[in-house]
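Here's the structure we're looking at; comments come further down.
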Amino acid sequence: MTDTNAPGFDDPLGMLRAAQQQILEHCTLLDELVARCTGQEIDNAARQSAQQISRCFSTSIALHHRDMESDLYPRLNRQSLKLAELVQGLKQDHKELATRWESISPTLRQLPTHGFSHEFAQAAKAFCEHYRAHINRERTEFLPFASSSLSQLQLREVGESMAERRGTRLA
């Protein structure tokens, strides 16, 4: 599903906010999938949802993390000690989220015939809760600072880097 009104590379912070929204939507989708399929047989609709979730977190969200770590964090890390601590915490979140994703993604890719185990349901819930808290920190603490601190030239550079990472160019 492609949003034709989605921000482009000329609005890199808007793109990052859109990616955050995509993450939240896929966490909700994962929550719903787990609730529907824990201890019950997995149907074709559930398989499609699992594939969609896997694609999102394995590709789009990995790019989102690289955008933040390669383009934004280095530009803002030295602004203040408080911001450096926030950046360090967000980077640590990315590592923990990647580890959590690695623990649940094999089950999503090769769905069990008879539904998800209680352990998987708990791990998926923890993954989504951690992501929601992380996004809240990005939205309320980091991105407002980035928005007020980065120059137009820096934002253009971020957009160009994000476009290049995706094999395209900023128009």
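The values are calculated or read from the model by the stated rules, or taken from the named source; none is laboratory data. Owing to the predicted nature of the structure, the values given are computational and were not obtained by experimental measurement. Virtual Cβ from ideal backbone geometry, glycine too; neighbours counted across all protein chains shown. Please note that ligands, DNA and RNA were not included when accessible areas were found on the heavy atoms of the full protein model with its side chains. Shrake-Rupley method; radii C 1.70, N 1.55, O 1.52, S 1.80 Å.
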Once both label points are put 7 Å beyond Cα along the C-beta direction, the ASP10-LYS95 separation in nm becomes 3.9 nm
Along the range 128-138, Karplus-curve 3J(HN,Hα) (6.51, -1.76, 1.60; θ = phi - 60°) to the nearest Hz, with x for Gly and Pro, reads 5, 4, 5, 4, 4, 5, 4, 5, 4, 5, 4
Charge dipole of the range 4-73 built from unit charges on the beta carbon (Lys, Arg +1; Asp, Glu -1), centred at mean Cα; most positive-end Cα among ALA45, PHE9, TYR73 is ALA45
Connecting every pair of Cα atoms under 10 Å apart in the chain and solving the GNM, the largest mean-square fluctuation among ARG47, ARG156, ARG78 falls on ARG78
The answer for the range 33-171, accessible area per residue at 1.4 Å probe in Å², is 56 Å²
To the nearest 20 debye, the range 1-157 has a Cα-centred charge dipole, built from +1 on Lys and Arg Cβ and -1 on Asp and Glu Cβ, of 240 debye
Once both label points are put 7 Å beyond Cα along the C-beta direction, the GLN21-SER105 separation in nm becomes 2.5 nm
A chain fully extended from ARG137 to GLU160 at 0.36 nm per residue, minus the present Cα-Cα distance, gains in nm 5.8 nm
Counting only protein heavy atoms with a 1.4 Å probe and every protein chain in place, the carbon and sulfur fraction of the accessible surface of the chain in whole percent equals 47 percent
In terms of the alpha carbon gyration tensor, root eigenvalues a ≥ b ≥ c, rounded if a/c is under 1.5 and otherwise prolate when a/b exceeds b/c or oblate, the chain is prolate
Residue-normalised 222 nm signal for the chain, counting each DSSP H run of n ≥ 4 as -39,500 (n - 2.57), nearest 500 deg cm²/dmol, is -22500 deg cm²/dmol
Net charge near LEU16 (other residues with Cβ under 11 Å of its Cβ; Lys, Arg +1; Asp, Glu -1) is -2
Between the Cα axis of helix 44-55 and the main Cα principal axis of the chain, the angle (0 to 90°, nearest 10) is 30 degrees
